[in-house]
1. Of all the accessible heavy-atom surface of the chain, with the other protein chains kept in place and a 1.4 Å probe, what percent is carbon and sulfur?
2. Identify all aspartates and glutamates with a Cα-Cα distance to Lys7 below 13 Å; exclude those on the same chain that are fewer than 8 residues away in sequence.
3. Run the reach check for Lys71 against aspartates and glutamates, Cα to Cα strictly under 17 Å, same-chain hits fewer than 8 apart removed. What comes back?
4. Work through the residues other than Thr17 whose Cβ is under 12 Å from its Cβ and net out their charges, Lys, Arg +1 and Asp, Glu -1.
5. Between (1) 31, 13, 11; (2) 17, 12, 11; (3) 25, 14, 11, which entry matches semi-axes √(5λ) of the Cα gyration tensor in Å as derived from the coordinates of this structure?
6. For the chain, modelled as a GNM with alpha-carbon contacts under 10 angstrom, which of Ile18, Ile33, Ile54 fluctuates the most?
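The values are calculated or read from the model by the stated rules, or taken from the named source; none is laboratory data. Keep in mind it's a predicted model, so treat the numbers as computed, not measured. Quick reminder, even Gly has a Cβ in these numbers, built from the backbone with ideal geometry, and neighbours come from all protein chains shown. Just the protein is used for accessible areas: all its heavy atoms, side chains included, with ligands, DNA and RNA removed. Shrake-Rupley method; radii C 1.70, N 1.55, O 1.52, S 1.80 Å.
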Amino acid sequence: MSNSKAKWGADGSELPTIDPHTKAKHQIIEEYIENLIITLYGKTRYGERTFTFIDGFCGGGMYDDQESSRKW
């Protein structure tokens, strides 16, 4: 885990490096939401058509992955 406070630029010009635990959290949430939507959609005849997920611990919401040159 990094010791410095993360800083974000609203235009994406300044993004903190993603920590391994944050990357794992995003992967778990992505899989969970995918399965949740499939489950909710199949529950009723027409399925749920709206879905809201709020991540109260998302920080700035974007990160820089220097290992893969990917933006999270």
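1. 53
2. Asp64
3. Asp11, Glu14, Asp19, Glu30
4. So the environment of Thr17 carries a net charge of -1.
5. Computed from these coordinates, semi-axes √(5λ) of the Cα gyration tensor in Å corresponds to label (1).
6. Highest fluctuation among the options: Ile54.
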